[in-house]
Structure formats: structure tokens, C-alpha cells
1. Does residue 4 satisfy being without any contact (Cβ under 8 Å) to a residue 60 or more places away in the chain, assigned to a helix (DSSP H, G or I) and surrounded by 10 or more Cβ atoms within 10 Å (Cβ to Cβ)?
2. Looking at (1) exposed (fewer than 13 other Cβ atoms within 10 Å of the Cβ); (2) more than 23 Å from the chain's Cα centre (by Cα); (3) part of a helix (DSSP H, G or I), find the lone condition where residue 50 falls short.
3. Can you go through 56, 76 and tell me which one is within 17 Å of the chain's Cα centre (by Cα) and either free of Cβ contacts under 8 Å to residues at least 40 places away in the same chain or not in a helix (DSSP H, G or I) (or both)?
4. With respect to residue 106, is the statement that it is part of a helix (DSSP H, G or I), exposed (fewer than 10 other Cβ atoms within 10 Å of the Cβ) and at pLDDT below 95 true?
5. With respect to residue 15, is the statement that it is assigned by TED's automatic domain parsing to the domain that holds residue 78, in contact (Cβ under 8 Å) with a residue 60 or more places away in the chain and surrounded by 11 or more Cβ atoms within 10 Å (Cβ to Cβ) true?
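The values are calculated or read from the model by the stated rules, or taken from the named source; none is laboratory data. Values in this document were obtained by computation on a predicted structure and should not be read as measured data. Backbone-built Cβ (ideal geometry, glycine too); neighbour counts: all protein chains shown.
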């Protein structure tokens, strides 16, 4: 049962992300706001008139957070798997880079500094080999 619900939500989230990320969805949102603004004088810019847009945008925002997070989680996982496969396939790649997402912020910063030194060395030397060399601590 859980798998069915999970698959249904995955499909719904993906389709929603595609639809709601389109120019048509943006145009529709602008249209709704314009209609709301135009109706302001009719309703004398009342509290109820304001409450309608506030409630609608709050509900939409709340629901969109979950759809966006689901889509981003799936995309990030897929990208990590693809990069892991590339690292695994390259002979000169370091396999310890496969699980970078599990490192602490400090460990990631140290690794970033190592790669900056490698890039600087490659630019200075004008060689490709320095891209794959182990940085000196």
C-alpha cells in the first residue's frame, strides 16, 4: 500500500513540477492576481477581499513546499547516482569522492581547498595531469 501511495505521489509531484514550472502557470498566477486587484474596488478593499488572496497564497505555498522538496530530493539522488557511476568508471578518479554528501562541512571545505590548489597548479603548469594528482597537505 505504501509503495502505491509513494509512486502515485512521485508521479503527481513530477507532473506538478513540470506544469507549475511552466510559463502558462506563471501567466495564470498573474491573471489571478490581476483579477483579485481589479475586484478590489468592488469589494471596497475589505478585510475579506484581502483574506481571500492571503489564504489562497498561504495554502498554495504550503503545498508547493512539499512538491518542490520531493522533486529536488529525487533529482539530487539521481544526480548523485550518475556522478557516482562516472567516478566509478574513470580510472584516475578517486573512489573516496563517491560519498561526498556524507562528509561534514569542515571535510567538504578541506576538499574544496584541495581542488582549488589542484586547479591553480593546473593553470600554472598548463597540464592535464595536475588535475588528477593528489594534493599535498
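1. So residue 4 does not fit the description; no.
2. Status for residue 50: all satisfied but (1).
3. Going through 56, 76 in turn, the sole match is 76.
4. yes
5. no
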